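One structure is given below, encoded as structure tokens.
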Amino acid sequence: MSITPLMPVYPRCDVRPVRGEGCWLVGERGERYLDFAAGIAVNALGHGHPHVTKVLQDQIATLMHVSNLYGSPQGEALAQRIIDNCFADTIFFTNSGAEAVECAIKTARRYHYVNGQPNRTKLITFKNAFHGRTMGAISATDQPKMRDGFEPLAPGFDYAAFNDLEGALALVDENTAGFLVETVQGEGGMTAGTPEFIRGLRKACDEQGMLLVLDEIQCGYGRTGKFFAYEHYGITPDIMTVAKGIGNGFPLGACLATEEAAKGMVFGTHGSTYGGNPLAMAAGMAVLDVMLEDGFFERVEKTGERLRQALEQLLPNHDALFEEIRGKGLMLGIKLKEPAVSRDFVAHLRDNHRLLTVAAGDNVFRLLPPLVIEEDHIAECIERLSAGARSYAPLTDD
Ligand SMILES: *Cc1c(COP(=O)(O)O)cnc(C)c1O
């Protein structure tokens, strides 16, 4: 037998973390990595955050799981706290991002169904989008690497180019339910939606009775220097998905909606056994205890600015390798010039300089540090990145 015990769908590398300390990961042999990947934007407060640890330990000892057949004081409290700080009126908690996307798609379709327009089932989504790996979520992207071999996929999705407002509006017809879009594309290449694009989609939704569904699973929860990335645009969505940073590593996601957009989601239409159990709600509360402290998001914005400035100074020293900086706040990406390949460069930084980053589409690599990094982590990152750029020799064809 040659198949591995873990289904071999990930190209797992030799970093085998056994412990985390703030912004550092420690491997099996005690080697230390500066973690600017943070579980792909999950460990927003770093590893082993004392408050999160304490709250989870207490909750495990008190009550871990009960069925959603019972009342949930823990869920009501977390939902109310999120609602008090954003556009939403109601929330469905899930165990992952993809499940939040599933709930969002169902919520959007049900809205038109109960509105007497059951034909309006189609969501316009965007090229290079990433919404997760369930059948619904892979149907909502045009990326062949996620779709190949899994057809037939769910019908009801069209794909426009990201940041191309006219292209998106041209796809609207009488069957369109709305748009499903990442406010800042993550996996696809760290491209922020332009203000004209995001506001233009909102306006079209308002004028034509469609729903704006934002996927903020990666860019939400403080990552861009605001609680949610849509706040940069002066608009609000009708439905929104969050996950990743929401539980600092405890599996938790959420589908948020306005009262109007959620009007089809009545008793019996949706469910989840684990979704929103007391342990998950404790994780969500512990994260908000820290994030909603005065000045947290302002600090992320400032730290993001500092990191960006440091990168801007570094880039010209390696202009055969680095093309440009993308993203917002502490959701930054650097596009590489060929023949450099982002996946190889990420491996090089990891193996030779013990700096963890994440590859993305469009030859970009991502810097997604814990939101609590300090000046010395930025300095350390720049030092390792600079050394990595000097020592990197991309393979060429000859
Ligand atoms: C990670 C991600 C998802 C999927 O989340 P999972 O928890 O892996 O299911 C969906 N959308 C975006 C924008 C993401 O970054």
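The values are calculated or read from the model by the stated rules, or taken from the named source; none is laboratory data. These figures come from a predicted structure and were not determined experimentally. Every residue, glycine as well, gets a Cβ built from its backbone with ideal geometry; the counts of neighbours run over all protein chains shown. What goes into the accessible areas is simple: the full protein's heavy atoms, side chains included, and nothing from ligands, DNA or RNA. Shrake-Rupley method; radii C 1.70, N 1.55, O 1.52, S 1.80 Å.
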For region 349-398 versus region 162-232, the gap between their alpha-carbon centres in whole angstrom: 29
Residue-wise, which Karplus ³J(HN,Hα) couplings in Hz belong to region 228-240, taking 6.51 cos²θ - 1.76 cosθ + 1.60, θ = phi - 60°, and x for glycine or proline? 10, 5, 4, 4, 5, 9, x, 10, 10, x, 9, 9, 8
Run the paramagnetic zone check for Ser386: 7 angstrom along Cα to Cβ, then residues of region 15-35 with backbone nitrogen under 19 Å. 34-35
Let me spell out the model: positive unit charges on the Cβ of Lys and Arg, negative unit charges on the Cβ of Asp and Glu, origin at the Cα centre of the chain. What dipole size does that give, in debye rounded to 20? 680
Take the Cα atoms of region 310-375, find their three principal axes, and give me the spread along each one in whole Å, biggest first. 34, 24, 22
Convex hull (Cα only) mean projected area of region 226-385, reported in nm² to one decimal: 12.2
Could you size up the charge dipole of region 63-291 around its Cα centre, putting +1 on the beta carbon of Lys and Arg and -1 on that of Asp and Glu, and report it in debye to the nearest 20? 340
Put +1 on the Cβ of each Lys and Arg and -1 on the Cβ of each Asp and Glu in region 63-291; which of Val101, Leu78, Asn277 then has its Cα farthest toward the positive end of the dipole? Asn277
Virtual spin-label span in nm between Met1 and Asp84, 7 Å along Cα→Cβ: 5.2
HN-Hα couplings for region 8-21 via Karplus (6.51, -1.76, 1.60; θ = phi - 60°), in whole Hz with x for Gly/Pro, come out as x, 8, 10, x, 5, 9, 7, 6, 10, x, 10, 8, x, 9
Could you compute Rg(Cα) / (2.2 N^0.38 Å) for region 228-273, with N its residue count? 1.38
Which residue, Phe322, Phe36, Phe228, has the most motion in a Gaussian network model of the chain that connects Cα atoms within less than 10 Å? Phe322
Phi-derived 3J(HN,Hα) across region 113-120 with the Karplus relation (6.51, -1.76, 1.60, θ = phi - 60°), rounded Hz, x for Gly and Pro, is 4, 6, 7, x, 10, x, 6, 7
Report Rg(Cα)/(2.2 N^0.38 Å) for the chain, keeping two decimals. 0.98
Take Leu252, Leu171 and sort them by solvent-accessible surface of the protein heavy atoms, 1.4 Å probe, largest at the top. Leu171, Leu252
Stokes-Einstein at 10 °C, 1.306 mPa s, Kirkwood radius from Cα pairs: D for region 63-291 in µm² s⁻¹? 90
Would you grab the residues whose amide H sits under 5 Å from the one on Thr121? Only those 5+ places off in sequence or on another chain, please, with H modelled 1.01 Å from N. Ala177
Want the number for Met135 to Gln117: 0.36 nm per residue separation, take away the alpha-carbon distance, what's left? 4.0 nm
Looking at the chain, what % of its DSSP beta bridges pair antiparallel, to the nearest 5? 65
With no other cysteine's Cβ closer than 4.7 Å, which Cys residues of the chain count as lacking a disulfide-compatible partner? Cys13, Cys23, Cys86, Cys205, Cys219, Cys381
Could you sort Val55, Val300 by their accessible area in this structure, using a 1.4 Å probe and putting the largest first? Val55, Val300
Give the ranking of Arg32, Arg16 by solvent-accessible surface, highest area first, calculated with a 1.4 Å probe. Arg16, Arg32
So what does Asp35 come to for accessible area, using a 1.4 Å probe and Å² rounded to 10? 0
How high is the FRET efficiency between Asp173 and Leu153 when r is their beta carbon distance and R₀ equals 35 Å, given to the nearest 0.05? 0.95
Residues in region 282-297, backbone N under 14 Å from the label point at Asp58 (7 Å along the Cα-to-beta-carbon vector): list them, ranges by number please. 282-290
Once all protein chains are kept in place, Asp148 shows an accessible area at probe 1.4 Å, nearest 10 Å², of 100
Cβ-derived FRET efficiency at R0 41 Å, Asn317 paired with Thr273, nearest 0.05: 0.20
Taking a ≥ b ≥ c as the square roots of the eigenvalues of the Cα gyration tensor of region 41-194, is the shape rounded (a/c under 1.5), prolate (a/b larger than b/c) or oblate? prolate
